[in-house]
1. So, in segment 108-126, how many residues would count as being in a helix (DSSP H, G or I) and either modelled with pLDDT under 75 or of a type outside the set (D, E, K, R) (or both)?
2. When you look at Gln184, is it polar (S, T, N, Q), within 29 Å of Ile90 (Cα to Cα) and in a helix (DSSP H, G or I), yes or no?
3. Could you please find all residues in segment 45-68 being buried (at least 17 other Cβ atoms within 10 Å of the Cβ) and part of a loop (DSSP other than H, G, I, E, B)?
4. Just checking, which of Arg138, Arg103, Arg25, Arg75 is surrounded by 14 or more Cβ atoms within 10 Å (Cβ to Cβ), among the charged types (D, E, K, R) and in the same structural domain as Ile194 (by TED's automatic domain parsing)?
5. Could you grab me the full set of residues in segment 48-64 that are more than 16 Å from Lys84 (Cβ to Cβ) and either in contact with a Ser or Thr (Cβ under 6 Å, 6 or more places away or on another chain) or of a type in the set (A, V, I, L, M) (or both)?
6. So in segment 165-200, with the set limited to residues that are surrounded by 12 or more Cβ atoms within 10 Å (Cβ to Cβ) and either assigned by TED's automatic domain parsing to the domain that holds Val88 or of a type in the set (Lys, Arg) (or both), which one is farthest from the chain's Cα centre (by Cα)?
7. Out of everything in segment 139-186 that is among the charged types (D, E, K, R) and within 24 Å of Leu203 (Cβ to Cβ), what residue ends up being modelled with the lowest pLDDT?
Amino acid sequence: MITITPERKDIAQPSKTKKYASSIRLWHWLNALVITGSLLTVLLNSTLLKTRKNALLIKSDMLHNGVTVTDQQSRSAAHVLSDKVWDVHIYFGYALAALLIFRLVAEFFLLADQRLMRKIKYAYHQYYTIKKNREASRHEFWVKTLYAIFYLLLMVTVITGFCLVFEDEVPALKELRFIRSIHQINMYLILAFIAIHLAGVYLAERKKESKGIVSDMINGG
């Protein structure tokens, strides 16, 4: 029987193999599902259920069947479809907020050497201060910093999303028109992170010292 020994080492404890806590693995995959679902609702509403195009289709079809409707009526009918999808988008937003809170709370219950901020500080110290294991330390520092930025993007998405959801209940929020723009721009930044993350995982899987990273995120390493 062949035993495959993981080769990804922790720069803080080179003798040990990197391991992912079960809470982080659960969060990772649930978060991936929620973000994917949320982005799919945006894609659906910006393509197949685009209000303007569907309003024209509805009006044309009604005329074909001998029913005359106004532009406002056809637009309202088309808007109902997109509103249903936006409702699903909001539910995904609630799930994303719950997962973000879960991740922040989980950080305090992880073992000290598994906490994100500790890893960033240690890698920074290794690379910039004592200049030990410079290549591994630099890689660890920038990868973990990128993750920290991603968490910040998630926080901005959740906060701006809640502002948009409750703007009817809080009139002052309607005056802050930039919130919608920030929410939309932030979506593109998250997409950019996802692209970088997938590319990084693909490249890591091709390297001997980090091979098996996907399997590790599934079974813990």
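1. 13
2. Taking the combined requirement at face value, the residue satisfies it.
3. Of everything in segment 45-68, just one residue is buried (at least 17 other Cβ atoms within 10 Å of the Cβ) and part of a loop (DSSP other than H, G, I, E, B), namely Leu49.
4. Step by step, each of Arg138, Arg103, Arg25, Arg75 is checked, and only Arg138 is surrounded by 14 or more Cβ atoms within 10 Å (Cβ to Cβ), among the charged types (D, E, K, R) and in the same structural domain as Ile194 (by TED's automatic domain parsing).
5. Scanning segment 48-64 gives Leu56, Leu57, Lys59, Met62, Leu63.
6. For segment 165-200, the residue satisfying everything is Lys174.
7. Kept after step one, since they are among the charged types (D, E, K, R), are these residues of segment 139-186: 140, 144, 167-169, 174-175, 177, 180.
Filter once more, so that each one left must be within 24 Å of Leu203 (Cβ to Cβ): 140, 144.
Working: Glu140: 80, Lys144: 85.
Here the residue is Glu140.
Conditions tested, residue by residue: (1) at pLDDT below 80; (2) over 20 Å from Gln184 (Cα atoms).
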residue	(1), (2)
Asp61	yes, yes
Leu81	no, yes
Trp86	no, no
Tyr91	no, no
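The values are calculated or read from the model by the stated rules, or taken from the named source; none is laboratory data. What you see is a predicted model; the values in this text were computed from it and never measured. Neighbour counts are summed over all protein chains in view; Cβ atoms, including those assigned to glycine, are modelled from backbone coordinates with ideal geometry.
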